[in-house]
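Student: Before I ask anything, here is the structure I am working with.
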Amino acid sequence: MKVSQYRYKKDQLMLQIRSLEPVVEMLRSENMGVQVANVRNSLHFFLPGRANEWVRKLPVIVWGATFLRKDGKVRMKNYNGCVLLEINGLSSPEEAASIREEAAAMPQTLLAFIGLSGKSVKIIVPFTLPDGKLPHNKEKAGMFHAAAYQLAVRHFQPQLSSMITLKEPLLMRGTRVSYDTGLYYNPAAVPIRLEQPLQMPGESELRVIQDMPVDPVERLLPGVERNTQIATLFSVVLVEAVRKFAGSNSNDLHALFTEMAQNCCRLGIPEEEAVGWTLRYEALEPHALLVRQVFRSVYLLKKAMGNKLPLPECLSMVMQLDEFMSRRYFFRMNEMSGGVEYLDRSVIQFVYRPYTLKVRNSICLEAQKEGLNVWDKDIDRYVNSDQIPQFHPIGSYLANLPAWDGKPYIRAMADRVPNSNPSWSDCFYRWFLSMVAHWMQLDKDHGNSTTPLLVGDQGCGKSTYCLHLLPPPLRPFYTDSIDFGNKKEAELALHRYALINIDEFDSVKPSHQSFLKHVLQKAAVNARLPYQSTTRSLRRYATFIATSNNFDLLTDPTGSRRFVCVEVEGLIDYIQPVDYEQLYAEAKEMLRRGERFWFTHEEEAVIVENNRRFQQLPAEEQLFLRYFSIPDDTEGIKPLLASEILDIIAEKQPGFVITKKMILNFGKLLKRNSVPNKRTTRGNCYYLEELYS
């Protein structure tokens with residue numbers, strides 16, 4: 001069996017494939033023990049989240065698969081079926097050693113060792129398909145690995161005295177090199193057999209619920225570093241005691257110290273720490289002997305002043321609710337959808353789900369099971385507060401993209417559409433840059449008003465292609481259902497979605513065309529969200545794309561520059577995988593370099609010219625082209641008003657009805673057809689030759 005080992009040297013990835021046996025010996029090596037000891041000693045001086053140079057020097061072992069670099073990218077070579085389980089946050093190396101021995105008792109354990117911190121345990125569990133083989137395809141390996149992880153947690157958790165730390169089962173997930181002389185290695189471990197899943201597993205019913213803190217200090221002020229907990233609780237004790245005795249005429253320090261000692265004892269503050277905090281105050285130092293006598297007496301008697309805590313009941317409930325919510329769940333406010341999303345930490349679940357009424361009631365019941373006197377309104381108050389961080393899906397995705405490798409991914413995406421339009425690739429490239437630029441708020445004054453319009457036979461893959469323009473993490477923000485008749489919802493869609501597909505574009509009613517034009521160019525959304533009383537200015541994220549089966553599409557000749565029409569001449573290739581990270585990394589890098597993301601007037605003129613074959617000719621224009629021709633020479637030709645031309649058409653075409661709107665727009669029609677004209681006292685007159693059948 002082989003595993004991967006990597007580390008960064010001067011920001012360069014150093015990757016190699018190693019056999020498992022030498023890696024096991026390295027974990028036992030005394031040379032490695034010196035480096036690991038330095039790391040463990042340094043951890044006492046580093047705050048959580050702070051970079052530790054000692055840690056960075058140690059390589060990472062990836063247990064699940066082997067990887068190699070090819071064309072500047074890290075690619076999977078082979079999948080070996082090993083799943084990594086982690087038990088983190090243990091109290092001591094002794095507890096870690098005990099957990100390691102529990103894992104060693106399982107016949108399925110290939111490897112178990114104490115982690116780099118000395119207070120964690122790493123367990124490697126082998127899996128295989130029923131025929132003894134393993135998936136070779138990365139996609140199938142990912143599905144198999146995720147299902148194997150869930151099964152491993154379900155199988156091992158009942159045998160361990162500490163909770164497994166749930167982590168997303170990525171193929172590339174690994175552990176830093178550690179040192180453990182008591183490491184357990186069983187090359188004859190029995191692999192767990194598992195059928196190949198056909199899709200990524202959903203939420204598991206297995207629940208791994210972290211225990212409530214046993215320490216009363218931790219229970220009262222959860223989620224806070226212990227020294228800070230005691231300092232906070234002691235401050236409450238001191239303030240309450242001083243407040244109680246300040247209003248009396250008593251100078252009895254014994255009574256004051258007794259009150260403080262009883263409250264400290266009731267809160268679970270250890271005696272020596274309570275005495276130490278008391279004597280930190282200069283005014284009380286001369287009474288050190290009395291302080292120690294009183295506190296010793298109170299702690300020996302172990303008498304409590306009833307069950308009522310000295311902390312106000314409201315404060316205690318808020319603190320306990322905060323601890324419960326932080327321990328059991330992750331919450332975030334999705335800035336685009338406007339809703340709260342949650343992730344249950346006790347479930348093997350790595351996808352945030354909407355916070356609903358049913359979820360709220362379930363959380364409330366779980367809290368009450370732990371003895372918290374909370375109700376649904378308390379849960380809602382917590383969830384709809386500043387305690388919940390904001391989450392920007394698009395910004396988060398763009399911020400975590402790798403460096404662009406220099407290949408033309410955007411134009412390659414455009415070329416998946418079979419067509420004979422020579423400007424399609426360039427137009428798609430400019431439109432795609434504009435979409436990403438507006439996501440990044442590089443232009444807050446304009447919306448991305450240009451819309452690619454894919455025209456082709458039904459079943460050629462137009463709608464699927466539109467969906468596949470977004471990477472899977474952003475597809476919840478794609479829609480092909482927008483009702484231009486509901487103006488409020490249509491405008492809110494500009495904020496809620498990243499890409500809107502106007503499916504069956506030709507079905508948009510003529511009465512909605514002016515509103516469609518307004519929506520396409522709208523830069524921001526001023527709207528009142530549901531259940532809110534004030535109007536807010538919301539960011540526009542949406543870019544539009546459209547599809548149609550018919551060619552007679554564009555009814556507004558002056559607005560055709562907004563649509564990049566392309567005829568789909570075959571089946572669109574949406575089968576081949578898309579490297580979304582590089583696709584969007586290219587756009588991000590080109591925008592960083594200052595690449596233009598808007599269309600010039602010359603480019604718009606080309607778009608208008610290409611769109612002529614998709615223009616829907618009104619009846620009056622069709623009749624005009626039937627009964628008149630445009631002369632090469634105007635000499636000797638009588639100029640006619642637009643209304644006079646329409647009268648001639650009406651004479652030649654029985655039943656033709658002239659409307660006021662038709663008269664107003666007919667001049668634009670003549671101008672679009674490049675009819676020679678002359679300004680006279682009667683108005684604009686046009687030179688035409690009448691055709692006689």
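The values are calculated or read from the model by the stated rules, or taken from the named source; none is laboratory data. Computed from a predicted model, the values in this text were never measured in an experiment. Note that each Cβ is placed from the backbone with ideal geometry, even for glycine, and that neighbours are counted across all protein chains shown.
Student: I'm trying to understand the selection: among the residues of region 172-191, which are surrounded by fewer than 19 Cβ atoms within 10 Å (Cβ to Cβ) and of a type in the set (A, V, I, L, M, F, W, C)?
Tutor: Across region 172-191, the qualifying residues are Met172, Leu183, Ala188, Ala189, Val190.
Student: Going through region 119-159 one residue at a time, which ones are buried (at least 20 other Cβ atoms within 10 Å of the Cβ), touching a helix residue (DSSP H, G or I) at 6+ places or on another chain (Cβ under 7 Å) and over 16 Å from Leu194 (Cβ atoms)?
Tutor: Those that are buried (at least 20 other Cβ atoms within 10 Å of the Cβ), touching a helix residue (DSSP H, G or I) at 6+ places or on another chain (Cβ under 7 Å) and over 16 Å from Leu194 (Cβ atoms): Ser120, Val121, Ile123.
Student: Looking at region 619-636 only, could you name the residues that are among the β-branched types (Val, Ile, Thr) and at pLDDT below 85?
Tutor: Of everything in region 619-636, just one residue is among the β-branched types (Val, Ile, Thr) and at pLDDT below 85, namely Thr634.
Student: Looking at Val436, Val455, which one is surrounded by 15 or more Cβ atoms within 10 Å (Cβ to Cβ) and in contact with a Cys (Cβ under 7 Å, 6 or more places away or on another chain)?
Tutor: Val455
Student: If you don't mind, there's one more thing I want to ask. Identify, by number, the condition in (1) at pLDDT 90 or above; (2) under 24 Å from Glu195 (Cα atoms) that Ile99 doesn't meet.
Tutor: Among (1) at pLDDT 90 or above; (2) under 24 Å from Glu195 (Cα atoms), the lone unmet condition for Ile99 is (2).
Student: Still on this structure, please answer the following. Scan region 641-649 and give yes if some residue there is of a type outside the set (Lys, Arg), outside the structural domain of Ala403 (by TED's automatic domain parsing), at pLDDT below 90 and not in a helix (DSSP H, G or I), otherwise no.
Tutor: yes
Student: So which residues in region 122-163 are farther than 17 Å from Glu101 by Cα and assigned to a loop (DSSP other than H, G, I, E, B)?
Tutor: Selection gives Leu129, Pro130, Asp131, Gly132, Lys133, Leu134, Pro135, His136, Asn137.
Student: Say whether the condition of being farther than 14 Å from Lys122 by Cβ, modelled with pLDDT under 50, under 31 Å from the mean Cα position of the chain (by Cα) and part of a loop (DSSP other than H, G, I, E, B) is met by at least one residue in region 183-205.
Tutor: yes
Student: Show me the helices (runs of 4 or more DSSP H) found entirely inside region 373-451 where at least 2 residues are among the acidic types (Asp, Glu).
Tutor: Output list reads 376-383.
Student: Also, I was wondering about something else. Output the residues belonging to region 393-411 that are within 19 Å of the chain's Cα centre (by Cα) and modelled with pLDDT of 95 or more.
Tutor: none
Student: From (1) within 27 Å of Ser420 (Cα to Cα); (2) of a type outside the set (A, V, I, L, M); (3) buried (at least 16 other Cβ atoms within 10 Å of the Cβ); (4) more than 47 Å from the chain's Cα centre (by Cα), pick out the condition that doesn't hold for Asn673.
Tutor: (3)
Student: Let me ask something else about it. Which of the numbered conditions does Val455 fail, given that it passes all the others? Conditions: (1) over 27 Å from the mean Cα position of the chain (by Cα); (2) touching a residue at least 60 places away in the same chain (Cβ under 8 Å); (3) closer than 15 Å to Ala542 by Cβ.
Tutor: Every condition holds for Val455 apart from (3).
Student: Now, a different point. Please specify each residue of region 568-618 satisfying the condition of being of a type in the set (S, T, N, Q), modelled with pLDDT of 90 or more and exposed (fewer than 13 other Cβ atoms within 10 Å of the Cβ).
Tutor: The one that is of a type in the set (S, T, N, Q), modelled with pLDDT of 90 or more and exposed (fewer than 13 other Cβ atoms within 10 Å of the Cβ): Thr600.
Student: Residues being at pLDDT 80 or above and more than 28 Å from the chain's Cα centre (by Cα): count how many of those fall in region 41-65.
Tutor: Total meeting the criteria: 2.
Student: Filter region 236-282 for residues that are assigned to a helix (DSSP H, G or I) and over 14 Å from Phe295 (Cβ atoms) and give the result.
Tutor: Once the filter is applied, which keeps residues that are assigned to a helix (DSSP H, G or I) and over 14 Å from Phe295 (Cβ atoms), region 236-282 yields Val236, Val239, Glu240, Val242, Arg243, Lys244, Phe245, Ala246, Glu282.
Student: A further question follows. State yes or no: is Val318 without any contact (Cβ under 8 Å) to a residue 24 or more places away in the chain, part of a helix (DSSP H, G or I) and under 35 Å from the mean Cα position of the chain (by Cα)?
Tutor: Considered against the rule, which asks whether it is without any contact (Cβ under 8 Å) to a residue 24 or more places away in the chain, part of a helix (DSSP H, G or I) and under 35 Å from the mean Cα position of the chain (by Cα), Val318 comes out as yes.
Student: Quick one: how many residues across region 86-116 are out of contact with any Gly (no Cβ under 9 Å at 6 or more places or on another chain), among the hydroxyl-bearing types (Ser, Thr, Tyr) and in a loop (DSSP other than H, G, I, E, B)?
Tutor: 2
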